[in-house]
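Written below as structure tokens is the structure these notes are about.
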Amino acid sequence: MNTAAPGIIIFFLAMNLLSFFAMLSDKTRSRTNGAARIPEGALFFLAAFFGGPGIYAGMFVFRHKTRKWYFLLGVPLFILENLALLYLINDFNDF
């Protein structure tokens, strides 16, 4: 385990907690008429920026955005993309 691993783990956990609570916040706001919502683009940004598992968990825990095909397909693709990026970063650090 390299010296950056604890920082990466803390960052990953923080991003996923933020993403999970963003889904909760948007679900709560969706029930209130006229409330300012979190844009779908912002939720996708969080998923792309290592918050995919938090978004995906929030989708099913809060039953939010589960009817949107682009969330059902896009968020798992972002998770795979993040895993590939982490693999490449780890592979690059081995040199």
The one condition residue 32 fails out of (1) of a type in the set (S, T, N, Q); (2) under 14 Å from the mean Cα position of the chain (by Cα); (3) outside any helix (DSSP H, G or I) is (2)
Scan segment 25-36 residue by residue and report those that are in contact with a helix residue (DSSP H, G or I) (Cβ under 8 Å, 6 or more places away or on another chain) and either exposed (fewer than 15 other Cβ atoms within 10 Å of the Cβ) or hydroxyl-bearing (Ser, Thr, Tyr) (or both).
35, 36
Would a scan of segment 35-44 turn up a residue that is of a type in the set (Lys, Arg) and touching a Lys or Arg at 6+ places or on another chain (Cβ under 6 Å)?
yes
Hey, can you tell me all the residues within segment 1-24 that are part of a helix (DSSP H, G or I), surrounded by 12 or more Cβ atoms within 10 Å (Cβ to Cβ) and more than 14 Å from the chain's Cα centre (by Cα)?
8
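Only one residue in 51, 58 is within 21 Å of residue 8 (Cα to Cα), under 15 Å from the mean Cα position of the chain (by Cα) and at pLDDT 95 or above, so which one is that?
Criteria check complete, one pass: 51.
Select from segment 61-95 the residues that are among the acidic types (Asp, Glu) and over 13 Å from the mean Cα position of the chain (by Cα) and list them in ascending order. Give the derivation first.
We begin by selecting, within segment 61-95, every residue among the acidic types (Asp, Glu); these are 81, 91, 94.
Across segment 61-95, the qualifying residues are 91, 94.
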Would you point out the residue of segment 37-48, among those that are of a type outside the set (A, V, I, L, M) and under 10 Å from the mean Cα position of the chain (by Cα), that is surrounded by the fewest Cβ atoms within 10 Å (Cβ to Cβ)?
45
If you check every pair at least six apart or on different chains, which have Cβ atoms under 6 Å apart with a residue in segment 50-70 that is assigned to a helix (DSSP H, G or I) first and a residue that is buried (at least 19 other Cβ atoms within 10 Å of the Cβ) and basic (Lys, Arg) second?
59/65
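Please enumerate the residues belonging to segment 49-60 that are surrounded by fewer than 17 Cβ atoms within 10 Å (Cβ to Cβ) and touching a helix residue (DSSP H, G or I) at 6+ places or on another chain (Cβ under 8 Å).
The answer is 49, 57.
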Over segment 68-92, the set of residues surrounded by fewer than 11 Cβ atoms within 10 Å (Cβ to Cβ) and modelled with pLDDT under 95 is 84, 87, 88, 91, 92
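The values are calculated or read from the model by the stated rules, or taken from the named source; none is laboratory data. What you see is a predicted model; the values in this text were computed from it and never measured. Every residue, glycine as well, gets a Cβ built from its backbone with ideal geometry; the counts of neighbours run over all protein chains shown.
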